[in-house]
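> Take this structure, written in structure tokens, and hold onto it; I'll ask about it next.
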Amino acid sequence: MNDSILDVIESDTSAEAGAEIVALVSEYFAATRDGKGRVTTALTAEQISQRFDEPLPRGGMSMAAIATRLRSDVMSDANRLYHPMYMGHQVAPPLPASVWTDSLISAMNQSVAVWEMSPTATVIEHRVIRWMTELAGWGAESGGTLTSGGTEATFTALLAARNTIIPDAWTNGVGEKRPVVICGEHAHYAVSRALGQLGLGTASLRTVSSRAYRMDTDALALAIETAERSGTPVMAVIATSGSTATGSFDDIQTIGAMCGAHGIWLHVDGAHGASALLSETRAAGMRGLEYARSLAWDPHKGMLLPIAAGALLMRDERDLQRAFAQRAPYLFHENPGARAWDLGVESFQCSRRADVLKLWVALQRYGADGIGKVYDHLCDMTHAMYDAVTVSTQFEALHEPESNIFCFRHLGSGRMDAASVDRLNQDLRIRYNKSGKGWITLTVLDGRPVLRVTLMNHRTRVQHVHALLAGLADEAAALMASD
Ligand SMILES: Cc1ncc(COP(=O)(O)O)c(C=O)c1O
């Protein structure tokens, strides 16, 4: 390459240069449309790493050559989330309008830390947060911030709760008398991690048991009573809706009433399930949000946005303002007009992408109702899988799905003990995923490994659900025959 690097960069601003990448994206969408080809790679991490075991490139290559390499070396063995047989983790095949918008977000590179760095995106984020708080049923005093996901949202909510219950914690630390936090046994690890990060210690977490995979509210009442009797303040209760393992919704209404009666901060981890608020028929799962002081909601899960798009909503925005307290005269100017729009004062990150634009574009393109219908489609397909499992003689359902997550197990030959059935299910998941026919996950429920699917793909239809069970049955038969 003889051109000076500055000319190269300039030539890359052309539509032709970008078209190399755009072509790959549409090629990917098309190649996964008919459900042909593998969902995941058959290679190991070591085999893939050999492909990239090369010296630092000192010079550059053409965009065309890079596109060729992306196709052959990267896309070839990437997980194909757009494949209708992808039913693995809670990561979406993202809505295409948002995918295309992602490069515009990068191109404009507006940091939403302060209004002066992102005159339009900052304002749009305020607008989108307002739409979301309205969906939560909250009033004009509510607010929030977009986050990198549910982990950051729950951390920030608990930071705000900590600063409320220990008002000088930001300056002087948490001191000797630590409050406790109570959550259900199926809460995401984001909760215990936050306690470690906040200096409260993971030992401050009280975990209550569940009934049918939802927090047992009698056990919660007992946990609150036990803490209060010992003179230990309860900093927050976390309701999980829906839970990572089974997509079950905690009873926010009962939990919230209890928190209200005891003056306890209720945080709802709706990272996975709050998108139900867009559904005409499933929003009831989130009933009781009027009791919550904070809500985590990940559009990059149930709204099918590309990572990263999470949100933390606060019923009273002043709670969020209490979470962080920084002085930075080089960034946060005491200009009262602009200051009202600055988002960095209320957010964990300083530089922050204008991810809100892909959310705003998705809402403009598909509408909140359209996205709600996609969420319903995912839940309907998950229920179709449950229906198929309940009439099958080979599988058993662990629960009736409340959203788009479902756990089940292969029953084995009928002559196998529980430990052998457990091993079969573990091996089955590995073998099935390796076959490339589909992709599912595994979790542990009641101490036993179970197969788990999360239906995130608008392309997944009933025939794919049946194909999954047929494929699993075939692989299980092969495993049992080889034993
Ligand atoms: C209930 C729940 N909370 C929090 C998270 C963490 O979200 P993120 O990965 O976006 O940080 C998850 C992700 O699986 C989740 O299911």
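> Regarding region 190-334, what whole-number volume in Å³ per residue does the convex hull of its Cα atoms give?
Numbers: hull volume 22.3 nm³, N = 145.
Once divided by residue count, the hull of region 190-334 is 154 Å³.
> With both bridge residues required to lie in region 110-352, what share of the DSSP beta bridges run antiparallel, to the nearest 5%? Mind showing how you got there, number by number?
Numbers: 12 of 29 bridges.
For region 110-352, the DSSP antiparallel bridge percentage is about 40.
> How big is the antiparallel share of DSSP beta bridges in region 168-269, given as a percent to the nearest 5? Mind dumping the intermediate values first?
Numbers: 3 of 16 bridges.
So the antiparallel bridges amount to about 20 percent of the total.
> For 115, 131, 341, 297, what ranking results if the residue with the fewest other Cβ atoms within 10 Å of its Cβ goes first?
On the way: 115 22, 131 13, 341 16, 297 31.
Listing 115, 131, 341, 297 from fewest to most nearby Cβ atoms yields 131, 341, 115, 297.
> Under a 5 Å amide H to amide H cut-off, with H placed in plane at 1.01 Å, what residues pair with residue 273 once short-range neighbours are removed?
Placed amide hydrogens put 241, 242 under 5 Å from residue 273.
> Report, in deg cm²/dmol and to the nearest 500, the calculated mean residue ellipticity at 222 nm for the chain, where each DSSP H run with n ≥ 4 adds -39500 (n - 2.57) and the sum is divided by the residue count.
Details: 17 runs with 206 residues, N = 483.
Estimated from H runs of four or more residues: -13500 deg cm²/dmol.
> Return the sequence-ordered ³J(HN,Hα) values of region 272-281 in whole Hz as given by the Karplus equation 6.51 cos²θ - 1.76 cosθ + 1.60 applied to θ = phi - 60°, using x for Gly and Pro.
Values per residue, Gly and Pro as x: 8, x, 5, 5, 4, 4, 8, 8, 6, 10 Hz.
> State, as an integer percentage, the relative contact order of region 367-482 based on alpha-carbon contacts under 8 Å between residues 6 or more apart.
Rounded, it is 28 percent for region 367-482.
> Using DSSP H assignments, which helices in the chain have an axial alpha-carbon span of 27 Å or above and a mean Kyte-Doolittle hydropathy of -0.5 or higher? All intermediate terms of the calculation are to be shown ahead of the outcome.
Details: long enough: 356-391 (44 Å, 0.29); 462-482 (30 Å, 0.95).
Passing helices, by number: 356-391, 462-482.
> Can you list, bin by bin at 10 Å, the percent of alpha carbon pairs in region 291-443, starting at 0?
Reading upward from the zero bin: 9, 23, 25, 19, 14, 8, 2, 0.
> For region 367-482, report the translational diffusion coefficient in µm²/s to the nearest whole number, using Stokes-Einstein at 20 °C, 1.002 mPa s, and a Kirkwood Rh over Cα pairs. Don't skip to the answer; put the middle values down first.
On the way: Rh = 14.6 Å.
Estimated via Stokes-Einstein, D reaches 147 µm²/s.
> Same structure again: Dividing the alpha-carbon radius of gyration of region 193-266 by 2.2 N^0.38 Å (N being the number of residues), what value is obtained? Kindly include the intermediate steps, with their values, before the conclusion.
On the way: Rg = 12.5 Å, N = 74, 2.2 N^0.38 = 11.3 Å.
Scaled against compact globular proteins, the figure is 1.10.
> What are the residues whose amide H is under 5 Å from the amide H of residue 113, where those residues sit 5 or more places off or on another chain and H is modelled from the backbone?
Amide H to amide H, under 5 Å and 5 or more residues apart or across chains, residue 113 pairs with 352.
> Largest first and to the nearest Å, give the Cα extent of the chain along each principal axis.
71, 60, 43
> Tell me, in nm to one decimal, what length is gained between residue 45 and residue 413 on full extension, where the rule is 0.36 nm per residue of separation less the Cα-Cα distance?
Details: separation 368, 0.36 × 368 = 132.48 nm, distance 3.33 nm.
Full extension from residue 45 to residue 413 adds 129.2 nm.
> Stokes-Einstein diffusion coefficient for region 414-483 at 10 °C in a medium of 1.306 mPa s, Rh from the Kirkwood formula over Cα pairs: what value in µm²/s? Spell out each step's value before the answer.
Values: Rh = 12.9 Å.
Answer, rounded: 123 µm²/s.
> Considering lysine pairs in the chain that are 8 or more places apart or on different chains, how many have Cα atoms under 29 Å apart?
11
> Let me ask something else about it. In which sequence would 229, 353 go, from the one with the fewest C-beta neighbours within 10 Å to the one with the most? Walk me through the intermediate numbers first.
Values: 229 8, 353 21.
Placing the least packed residue first, the sequence is 229, 353.
> Here's a follow-up. Quick one: Cα centre-to-centre distance for region 81-157 and region 376-393, in angstrom?
Taking the Cα centre of each part, region 81-157 and region 376-393 sit 30 Å apart.
> So, one more: Is the C-alpha gyration tensor of region 78-210 telling us rounded, prolate or oblate? Criteria: a/c under 1.5 is rounded; beyond that, a/b larger than b/c is prolate, otherwise oblate. Numbers along the way, then the final one.
Values: a/c = 2.17, a/b = 1.36, b/c = 1.59.
Judged from the Cα gyration tensor, region 78-210 comes out oblate (a/c at least 1.5, b/c at or above a/b).
> Okay, moving on. If neighbour count is taken as other Cβ atoms inside 10 Å, put 148, 294 in order from fewest to most. List each step's numbers first, then the result.
On the way: 148 19, 294 27.
Listed from fewest to most nearby Cβ atoms, that is 148, 294.
> Just round it to a whole percent: the fraction of Cα-Cα distances in region 1-143 exceeding 25 Å.
Values: 5347 of 10153 pairs.
The share of Cα pairs beyond 25 Å in region 1-143 comes to 53 percent.
Laboratory data are not the source of any read-out in this text; all were calculated from the coordinates shown. Nothing here was measured: the structure is a model prediction, and the numbers come from that model. FYI the Cβ positions are ideal-geometry reconstructions off the backbone, even for glycines, and counts take in every protein chain you see.
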